[in-house]
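Student: Just dropping this structure here.
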Amino acid sequence: MEAVRRTVIENCAIATVDAEDTEHASGYLVLAGRRIESLGGGRAPEGLENVVHRIDATGHLATPGLVNTHHHFYQWLTRGLATDRNLFDWLVALYPAWARLDEPMVHAAARGSLAMMARGGVTTAADHHYVFPRGSGDLSGALVHAARDLGVRFTLARGSMDRGEKDGGLPPDFAVETIEDALAATEETVRQHHDTSFDAMTRVAVAPCSPFSVSTELMRRSAELARGLGVRLHTHGSETVEEEKFCHERFGMGPTDYFESTGWLGEDVWMAHCVHLDDSDIAALARTGTGVAHCPSSNARLAAGIARVPDLLAAGVPVGLGVDGTASNESGELHTELRNALLVARLGPHRETALTVRRALRLGTHGGARVLGREAEIGSLEPGKLADLVLWRMDTLAHASIADPVAALVLGAPAPVTASFVNGRRIVEDGRLRTADEDEIARTTRAQARRLAEITARG
Ligand SMILES: [Zn+2]
């Protein structure tokens, strides 16, 4: 049997984000194959065998890799449009373009979204893809292959919409699926791509889009399908006041009660946004163990509101961070969401006690892993867990005068990523992807964005 190959990283500050928030001012990590073998303060143990890489990480902070819990990769091609609209008006403006997506566009957009996140410290990303226009090709396959090629751990939330314009929904009718088609295609995606192994690079979740673009029957049957297949459930929930109004008018109850009535609260569910919650909604999420993907930049960009993250955390609700689609968060980065989550929370009623810098880092790492159901494998730096971690450079002009490296990471300018590992494989080196050519991705995404704009303009 081939001996396991080791990478030794030394002389860096370490924020483990374990249950005790253990930190080391100067410490080491030993990666063995795909896992973390050991870590601690001081120098690495002597006499380790088969060390193939030794990294002197002086001036760096090591953290778990960031976990993105909500995104729409395809939106990389429609950034910077409808910049002054609320959610519903923005959707109406953008659906005509999204309805014309095809496989080469989605593949290019996924590579752009993943590359941007990876070079900023994301090691695991979830993508909620719910636009499957007729005849558009194998969009799920395009997403899975893009993540695999770039080396980013991936959860594909296979979405769906069946409430088109003729049924009082927002998307054009040719961009929605029938209930039977959506369920069959979702089941096939799980069978093709869902990997249950500990170090899986691809998992699949069942993810109808939202209460206002999906029928009650599709919501119910999606939940049944997911539970029958043993996969997680994801959707958008309680994002705006308009959605709340829609639910009251259409269903005679608020979004959280509607989700409960359709089987959409539970430990296997995570929901994007959850901005408009009252105390009883928060209690319902806590009681059922339902997770939340908090997207502070997108919520601000679309004027959705401020999510009650401090109250969710106090109630014990699992909370992770999300970029959300890049049509409502053009930066496409997750490390800036650590800062934005903290700043936005402090504008709410809890003021300066709303979120600490360490709590913000926890949201972006361990919290995200919990929300995606991968807490046992990733999300903190601990022996036996997968070697998904980031070395942030803290000795340049931007951060060198800040003594606390976690404060520097969360509050300071976006820190350069010297190295990022997934399953022990280095995917970023000195701020650049090792797994793909960023310039090629930039050219391809620009070309596909133009193609989409031209096809949309032709109508
Ligand atoms: Zn979203």
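Quick note: the coordinates plus some simple rules give every number you see, no bench work behind them. The model shown is predicted, which means the values in this text are computed figures rather than measured ones. For neighbour counting, all protein chains shown are included, and Cβ atoms are generated from backbone atoms with ideal geometry for every residue, glycine included.
Student: Can we say ALA175 is within 18 Å of SER136 (Cα to Cα), aliphatic (A, V, I, L, M) and surrounded by 21 or more Cβ atoms within 10 Å (Cβ to Cβ)?
Tutor: yes
Student: Further question on the same structure: Take segment 358-381 and flag every residue that is surrounded by fewer than 18 Cβ atoms within 10 Å (Cβ to Cβ) and more than 16 Å from the chain's Cα centre (by Cα).
Tutor: Hits for segment 358-381 are ARG358, ALA376.
Student: How many residues are assigned to a helix (DSSP H, G or I) and either within 16 Å of the ligand (Cβ to nearest atom) or among the small types (Gly, Ala, Ser) (or both) if we restrict to segment 306-339?
Tutor: Qualifying residue count for the region: 3.
Student: Looking only at segment 261-285, count how many residues are in contact with a Gly (Cβ under 7 Å, 6 or more places away or on another chain) and surrounded by fewer than 17 Cβ atoms within 10 Å (Cβ to Cβ).
Tutor: Final tally of qualifying residues: 1.
Student: Note down all Cβ pairs under 7 Å where the first residue falls in segment 305-316 and is more than 10 Å from ALA345 (Cα to Cα) and touching a residue at least 60 places away in the same chain (Cβ under 8 Å), the second is outside any helix (DSSP H, G or I) and among the basic types (Lys, Arg), and they're at least six residues apart or on different chains.
Tutor: Hits for this filter: zero, empty list.
Student: Across segment 288-305, which residue is farthest from the ligand (Cβ to nearest atom) among those that are polar (S, T, N, Q) and part of a helix (DSSP H, G or I)?
Tutor: THR288
Quick grid of which residues meet (1) among the charged types (D, E, K, R); (2) surrounded by fewer than 24 Cβ atoms within 10 Å (Cβ to Cβ); (3) more than 16 Å from the chain's Cα centre (by Cα):
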| residue | (1), (2), (3) |
| --- | --- |
| ARG119 | yes, yes, no |
| THR124 | no, no, no |
| HIS145 | no, yes, yes |
| GLY164 | no, yes, yes |
| LEU170 | no, yes, yes |
| SER197 | no, yes, yes |
| MET201 | no, yes, no |
